[in-house]
Amino acid sequence: MAKQIEVADLDAYYGSHKAIEGISMTIEPRSVTAFIGPSGCGKSTFLRTLNRMHEVIPGARVTGKIRLEDQDLYGAGVDPVSVRRTVGMVFQRPNPFPTMSIFDNVAAGLRLNGRVRRSELEGVVEKSLRGANLWNEVKDRLSKPGAGLSGGQQQRLCIARAIAVSPAVLLMDEPCSALDPISTLAIEDLIAQLKNDFTIVIVTHNMQQAARVSDRTAFFNLAGPGKPGKLVEMDDTSKIFTTPSEKATEDYITGRFG
Amino acid sequence: MTATARVLPAISTGRRVKNTFVQGLVWLAFGLAIIPLISVLWLVVKNGLARFDLTFLTHSMRGIAPRDAGGGAYHAILGTLEQVAIATVISVPIGLLTAIYLVEYGQGRRLARTISFFVDVMTGIPSVVAGLFILAFWILILGFGFSGFAGALALSILMMPTVVRSAEEMLRLVPTELREASYALGVPKWRTIVRVVLPTAFTGIVTGVMLAIARVAGETAPLLLTVFITNSINEDPFNGPQMGLPLYIFDQMGRPNDTAIDRAWAGALTLILIVMLLNLVARVIAWWRSPAKAR
């Protein structure tokens, strides 16, 4: 179910502006990989290239290779829609569908893709909500609107929605930045559970969070003002936060800049 | 008491005066805006009630001599409902699809900018011109006769730009995050539009369509040139002259008898009631579909 991602020499552009340059890395299955780095260094852009969400923005494009196990995500004849079915995503701000109930929100992925069998759907919804640690809080009001939940619950609802289509990889773009510490803790516990089944990539500005939840950490930085973002180094999280090989990484995590 | 006064300084006299002055202006503007609305409504209700009865709603003007009392607007009500319904059926799908193209697919392309420009131009077309166009094209060149359908074509020319603009605004209000959330679930773009974007914008689109209908329901000039005028009931919108409520009002107002003038006022009242009723229906639909309502 969980799959390995291999990135080779990836550049991403917005129109003529190059946002990230020359990124190569391997993301291991059944682990949590954290991306850290200052704002505007291209972490989120890079994350969005991993499920071809980058190209949704007009004028945005990508060069280089991303392999999911043996398949080239950007190969000819690969449908971005099927890529996104395999590589799910959770966004910075909780974004449940406002017209749908809690149940419909979780079922949305399956239903919008045309697979509808009510009995099957109920099972998937319960499993996903349990998987997102939300079942006990919402089981009595599944038909209520998803937008009526608290921010933390909404974000877990979005995670439930993302895992309901059983992706192989789950991308999280600063999933806790809009949440209070208690909800953040709930999501972090959840990430620790989810990595048994999924490959998880998380972008975060919170270095304690990266240290707490991730197995491997990648540090991104701008090559200079107005220059594209680059991968500075990637290593085991414990190593990055204790003995990083690059000076820039050390400066960043000790708070000397950024 | 004195301590708080010192911590939070009192509002200066100048600010108080300015505040009162601007508040006064706002109330004045509100009053000026509401006067014509109230007086029109009051006038129509007062004068219209005299003949607003069952006979009026169920009878046509067939066989009613100019000076006779009685008679009704059934033929005109029927005509208006049919013409507006056909115009809606024509212009809403085209307008909605155009708006979807502009918002979801166009994104600054030349075609989108051209369409946008012509929609603006169409918004400014005087309604007579729409009527003249259908008269020249549909009736004179293609040789179809006067009919309710020809009127509906003219009305749909007027409706389309309004529908496009309002639907476009509403679609733009749908947050990009919702589209992205849907894409990230592996939902194709067209399905995202149908199942996520349109339902989210539904309430606003319905309101926009209702406004377009209300605007078009009172149009007289294009109907005069395309539907013509009749005193009889014509249930078939595709054949022969029909009547419409605006035409009926116009026709009756032009007659020099009190009985006819009374009928004209009753016609105006009926038209206002129809538009209000449609708005009410739209509100109910919008409320029934609104996300805030827990179902």
Restricted to region A:76-96 and to residues being in a loop (DSSP other than H, G, I, E, B) and over 26 Å from residue A:205 (Cα atoms), the residue nearest to the other protein chains (Cβ to nearest Cβ) is A:79
The one condition residue B:214 fails out of (1) open to solvent by 70 Å² or more (accessible area, probe 1.4 Å); (2) within 28 Å of residue B:83 (Cα to Cα); (3) touching a helix residue (DSSP H, G or I) at 6+ places or on another chain (Cβ under 6 Å) is (1)
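Listed here are the residues, each with its yes/no results for (1) closer than 19 Å to residue A:23 by Cα; (2) open to solvent by 60 Å² or more (accessible area, probe 1.4 Å).
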| residue | (1), (2) |
| --- | --- |
| A:184 | no, no |
| A:197 | no, yes |
| A:213 | no, no |
| A:218 | yes, no |
| A:221 | yes, no |
| A:228 | yes, no |
| A:233 | yes, no |
| A:236 | yes, yes |
| A:243 | no, yes |
If we keep only residues of region A:140-161 that are open to solvent by 20 Å² or more (accessible area, probe 1.4 Å) and of a type in the set (A, V, I, L, M), then the residue nearest to the other protein chains (Cβ to nearest Cβ) is A:147
Taking region B:218-245 and the residues there that are open to solvent by less than 10 Å² (accessible area, probe 1.4 Å) and part of a helix (DSSP H, G or I), the one that is nearest to residue B:134 (Cα to Cα) would be B:226
Condition set in a helix (DSSP H, G or I) and surrounded by fewer than 20 Cβ atoms within 10 Å (Cβ to Cβ), scope region A:45-67, selection farthest from the other protein chains (Cβ to nearest Cβ): answer is A:55
For residue B:115, the lone unmet condition from (1) assigned to a helix (DSSP H, G or I); (2) closer than 30 Å to residue B:250 by Cβ is (2)
Residue hits (region B:74-107; more than 22 Å from the chain's Cα centre (by Cα) and more than 18 Å from residue B:189 (Cα to Cα)) are none
Only unsatisfied item for residue B:189, checking (1) open to solvent by 30 Å² or more (accessible area, probe 1.4 Å); (2) without any contact (Cβ under 8 Å) to a residue 60 or more places away in the chain; (3) within 13 Å of chain A (Cβ to nearest Cβ), is (2)
Checklist entry - Can you find a residue in region A:98-114 that is open to solvent by 40 Å² or more (accessible area, probe 1.4 Å) and in contact with an Asp or Glu (Cβ under 6 Å, 6 or more places away or on another chain)? => result no
Looking across region B:127-157 at residues that are touching a residue at least 12 places away in the same chain (Cβ under 8 Å) and open to solvent by 60 Å² or more (accessible area, probe 1.4 Å), the single one that is farthest from residue B:239 (Cα to Cα) is B:128
For region A:234-258, pairs from a residue that is closer than 12 Å to residue A:221 by Cβ to a residue that is aromatic (Phe, Trp, Tyr) and in a loop (DSSP other than H, G, I, E, B), with Cβ under 7 Å and 6 or more apart or across chains, are A:251/A:257
By residue number, the members of region B:246-265 that are open to solvent by 30 Å² or more (accessible area, probe 1.4 Å) and among the basic types (Lys, Arg) are B:255
Picking from B:51, B:16, the residue that is assigned to a loop (DSSP other than H, G, I, E, B) and either charged (D, E, K, R) or farther than 16 Å from residue B:262 by Cα (or both) would be B:51
Restricting attention to region A:105-121, the residues that are more than 10 Å from chain B (Cβ to nearest Cβ) and under 28 Å from residue A:183 (Cα atoms) number exactly 3
Do we have residue A:246 as acidic (Asp, Glu), under 19 Å from residue A:163 (Cβ atoms) and out of contact with any Gly (no Cβ under 6 Å at 6 or more places or on another chain) here? no
In the set A:121, A:142, the lone residue that is aliphatic (A, V, I, L, M), in contact with a strand residue (DSSP E or B) (Cβ under 7 Å, 6 or more places away or on another chain) and farther than 28 Å from residue A:69 by Cα is A:142
Residues in region A:24-44 that are open to solvent by 30 Å² or more (accessible area, probe 1.4 Å) and farther than 13 Å from residue A:202 by Cβ total 7
Residues of region A:72-97 being in contact with an Asp or Glu (Cβ under 8 Å, 6 or more places away or on another chain) and more than 30 Å from residue A:28 (Cβ to Cβ), in sequence order, are A:97
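The values are calculated or read from the model by the stated rules, or taken from the named source; none is laboratory data. Here the structure is a predicted model, which means the values were calculated and not measured. All Cβ positions, glycine included, derive from the backbone under ideal geometry; neighbour counts span all protein chains shown. All accessible areas refer to the heavy atoms of the entire protein, side chains included, with ligands and DNA or RNA removed. Shrake-Rupley method; radii C 1.70, N 1.55, O 1.52, S 1.80 Å.
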